[in-house]
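The values are calculated or read from the model by the stated rules, or taken from the named source; none is laboratory data. Keep in mind that this is a model prediction, so the values were computed, not measured. Here the Cβ positions follow ideal geometry from the backbone for every residue, glycine too, while neighbour counts run over all protein chains shown. For accessibility, only protein heavy atoms count, side chains too; no ligands or nucleic acids. Shrake-Rupley method; radii C 1.70, N 1.55, O 1.52, S 1.80 Å.
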Amino acid sequence: MTVDDVANYLSKPRSWVYGNWKAEQIPFRKVGQSLRCRPVDLERWLDNQH
């Protein structure tokens, strides 16, 4: 999933995802110059949120 995909999925602005992905530990990986997140990793991350 791209940053835009994750933002849409979380109902957050793209800027929030970019600004908070490290602090919130959203499971992105760098692929070249882009951030990508596997859907299964995002679901696991969501399950672990308080």
Select from segment 18-44 the residues that are of a type outside the set (D, E, K, R), at pLDDT 95 or above, surrounded by 10 or more Cβ atoms within 10 Å (Cβ to Cβ) and part of a helix (DSSP H, G or I) and list them in ascending order. Pro39, Leu42
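How many residues does segment 1-10 contain that are more than 17 Å from Val40 (Cβ to Cβ) and open to solvent by 100 Å² or more (accessible area, probe 1.4 Å)? Walk me through how you get there before you give the answer.
Taking segment 1-10 and keeping what is more than 17 Å from Val40 (Cβ to Cβ), we get 3-4, 7-8.
Okay, now just the ones that are also open to solvent by 100 Å² or more (accessible area, probe 1.4 Å), so 8.
So the count comes out to 1.
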Any idea how many residues of segment 2-25 are touching a helix residue (DSSP H, G or I) at 6+ places or on another chain (Cβ under 6 Å) and of a type in the set (A, V, I, L, M, F, W, C)? 4
Test Lys12 against the stated conditions and say whether it is at pLDDT 95 or above and either of a type in the set (Lys, Arg) or assigned to a strand (DSSP E or B) (or both). yes
